[in-house]
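Scroll down for the structure; my scribbles are underneath it.
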Amino acid sequence: MTKCLIIGSGPAGYTAAIYLARAGVDAVLLEGLQPGGQLTTTTTIENFPGFPDGIDGFTLMQQMRQQALNVGADVRSGTVKSIDLSKQPFVATLDGGDTIEAQTAIIATGASAKYLGLRDEKAYAGRGVSACATCDGFFYRKKVVAVVGGGDTACEEAHYLSNLAAKVYMIVRKDYLRASAAMQKRVMEKNNIEILFNCNTEGLFGEQGVEGAHLVRHLGTDHEERFDIAIDGFFLAIGHQPNTRFLDGQIDLDDNGYIRLKGDGTTATSVTGVFAAGDVADPSYRQAIAAAGLGCRAALDVERFLSAL
Ligand code: NDP
């Protein structure tokens, strides 16, 4: 039995754990399948304040974890398979079958970038394949990159990259962009963005890292056409999948599966005593610093909730 179960070990989860431990609130943080979360798979992070020379994602997360431990947080490995939120205390069942009862919960399970499912995406991971332009775009200054997708994220990433890279291809599988008119306009106005409509990616090539992509236009039609483009970076922007499946419909989610915060300015969700922080509740910013900020807010919300009982 704990006063607060923090589920997830990205910046949101660790920040919440640091705040609760320092406040003397008995809490348990479960690290999940990928301790440290998405940042452990990125390279150098140069936009997290406090690290003037940048810091690699893995080290940043190790340090957050260590900071949580140093202030007395109870950090455990384990993944929540399911959680019963129908009554308090909530009961979480872990992958090994153990259960934890909790008076409150902070859901900080993050989101995972969607990938196309190509074998080459794994083969070139960290060597030219990325799912975060804000994280990795800097390494492609004056180079040529491709962004896959035609939604708002893809347009945003392509626009961001166009200010750094010499040229940006957008690989769009339909003959139109799904993005909002405003985002489309921003992309169209950039001279160094070329949109390749009706195109799918079949593979990547390169010796040390990505040097190009094999594309096919009009896949599955009579006028299917295969061609290659030379690129240095391949950015996936085909959406993110918030990690909310284990909640099994017990909390209000938006149409894309993100946890809907109650809208009262706190991190409260539709279930009393359950709070959410980080990417799992944030479809638009998705930055480490924003997640850490939400983790802090969730911890303070938990403290206030518990003291009002
Ligand atoms: P979306 O689902 O809106 O768009 C995904 C894009 O990726 C679509 O163009 C889709 O193609 C394409 N895609 C999906 N799967 C594949 C695949 N296997 N192969 C090739 N292409 C594929 O996701 P976003 O992340 O762009 O946006 C999610 C939500 O967040 C949206 O509601 C969006 O409006 C919002 N958002 C808002 C922002 C803002 O307002 N500033 C910024 C970012 C996101 P197709 O169209 O053919 O399905």
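Being more than 20 Å from Tyr115 (Cβ to Cβ) and either buried (at least 18 other Cβ atoms within 10 Å of the Cβ) or in contact with an Asp or Glu (Cβ under 7 Å, 6 or more places away or on another chain) (or both) is the filter here; which residues of the stretch 194-209 pass it? So that I can check it myself, show each step before the final result.
If we filter the stretch 194-209 for residues that are more than 20 Å from Tyr115 (Cβ to Cβ), which is where we start, we get 194-195, 197-198, 207-208.
Once the filter is applied, which keeps residues that are more than 20 Å from Tyr115 (Cβ to Cβ) and either buried (at least 18 other Cβ atoms within 10 Å of the Cβ) or in contact with an Asp or Glu (Cβ under 7 Å, 6 or more places away or on another chain) (or both), the stretch 194-209 yields Ile195, Phe197, Asn198.
Looking only at the stretch 99-121, which residues are among the hydroxyl-bearing types (Ser, Thr, Tyr), away from the ligand (no atom under 16 Å from the Cβ) and surrounded by fewer than 18 Cβ atoms within 10 Å (Cβ to Cβ)? Talk me through it step by step, then tell me what you get.
The first filter runs over the stretch 99-121 and keeps only residues among the hydroxyl-bearing types (Ser, Thr, Tyr), leaving 99, 104, 109, 112, 115.
If we keep only those that are away from the ligand (no atom under 16 Å from the Cβ) as well, we get 99, 104, 109.
Listed by number, the list holds a single entry, Thr99.
Six or more apart or on different chains, Cβ atoms under 6 Å: show the pairs whose first residue is in the stretch 121-138 and in contact (Cβ under 8 Å) with a residue 12 or more places away in the chain and whose second is surrounded by fewer than 21 Cβ atoms within 10 Å (Cβ to Cβ) and among the charged types (D, E, K, R).
Val129/Glu121
Got a number for residues in the stretch 233-272 being at pLDDT below 95 and assigned to a strand (DSSP E or B)?
Total satisfying the criteria: 2.
List pairs: first residue in the stretch 243-268 and without any contact (Cβ under 8 Å) to a residue 40 or more places away in the chain and in the same structural domain as Ala92 (by TED's automatic domain parsing), second residue within 16 Å of the ligand (Cβ to nearest atom) and among the hydroxyl-bearing types (Ser, Thr, Tyr) anywhere in the structure, Cβ distance under 8 angstrom, at least six positions apart or on different chains.
Here the result reads Leu253/Thr244; Gly257/Thr244, each pair linking the stretch 243-268 to a residue that is within 16 Å of the ligand (Cβ to nearest atom) and among the hydroxyl-bearing types (Ser, Thr, Tyr).
Taking Asp56 as the residue in question, decide whether it is under 20 Å from Ala27 (Cβ atoms) and not hydrophobic (A, V, I, L, M, F, W, C).
Details: under 20 Å from Ala27 (Cβ atoms): no; not hydrophobic (A, V, I, L, M, F, W, C): yes.
It is false that Asp56 is under 20 Å from Ala27 (Cβ atoms) and not hydrophobic (A, V, I, L, M, F, W, C).
Being under 21 Å from the mean Cα position of the chain (by Cα), of a type in the set (Lys, Arg) and surrounded by fewer than 16 Cβ atoms within 10 Å (Cβ to Cβ): is that true of Lys142 here? First the steps, then the outcome.
Values: under 21 Å from the mean Cα position of the chain (by Cα): no; of a type in the set (Lys, Arg): yes; surrounded by fewer than 16 Cβ atoms within 10 Å (Cβ to Cβ): yes.
Criteria not met by Lys142.
Please specify each residue of the stretch 88-119 satisfying the condition of being of a type in the set (D, E, K, R) and assigned to a strand (DSSP E or B). Give the steps one after another, and end with the answer.
First, the residues of the stretch 88-119 that are of a type in the set (D, E, K, R): 95, 98, 101, 114, 119.
The answer is Glu101, and nothing else.
Could you check, for the stretch 210-232, whether at least one of its residues is farther than 20 Å from Ala92 by Cα, exposed (fewer than 15 other Cβ atoms within 10 Å of the Cβ) and basic (Lys, Arg)?
First, pick out the residues of the stretch 210-232 that are farther than 20 Å from Ala92 by Cα: 210-232.
Add one more test, that the residue is exposed (fewer than 15 other Cβ atoms within 10 Å of the Cβ), and what stays is 218-228, 230.
Filter once more, so that each one left must be basic (Lys, Arg): 226.
Yes; the residues of the stretch 210-232 include at least one that is farther than 20 Å from Ala92 by Cα, exposed (fewer than 15 other Cβ atoms within 10 Å of the Cβ) and basic (Lys, Arg).
Does the stretch 160-194 hold any residues that are free of Cβ contacts under 8 Å to residues at least 24 places away in the same chain and in contact with a Phe, Trp or Tyr (Cβ under 7 Å, 6 or more places away or on another chain), and which are they? Quick ask: steps written out before the conclusion?
Taking the stretch 160-194 as the starting set, the residues that turn out to be free of Cβ contacts under 8 Å to residues at least 24 places away in the same chain are 163, 175, 181-182, 185, 188-189, 191.
Within the stretch 160-194, Asp175 is the sole residue that qualifies.
With (1) in contact (Cβ under 8 Å) with a residue 24 or more places away in the chain; (2) away from the ligand (no atom under 13 Å from the Cβ) as the list, and Asp222 as the residue in question, which single condition is left unmet?
So the condition that Asp222 fails would be (1).
The values are calculated or read from the model by the stated rules, or taken from the named source; none is laboratory data. Owing to the predicted nature of the structure, the values given are computational and were not obtained by experimental measurement. Here the Cβ is made from the backbone with ideal geometry for all residues, glycine too, and neighbour counts use every protein chain on show.
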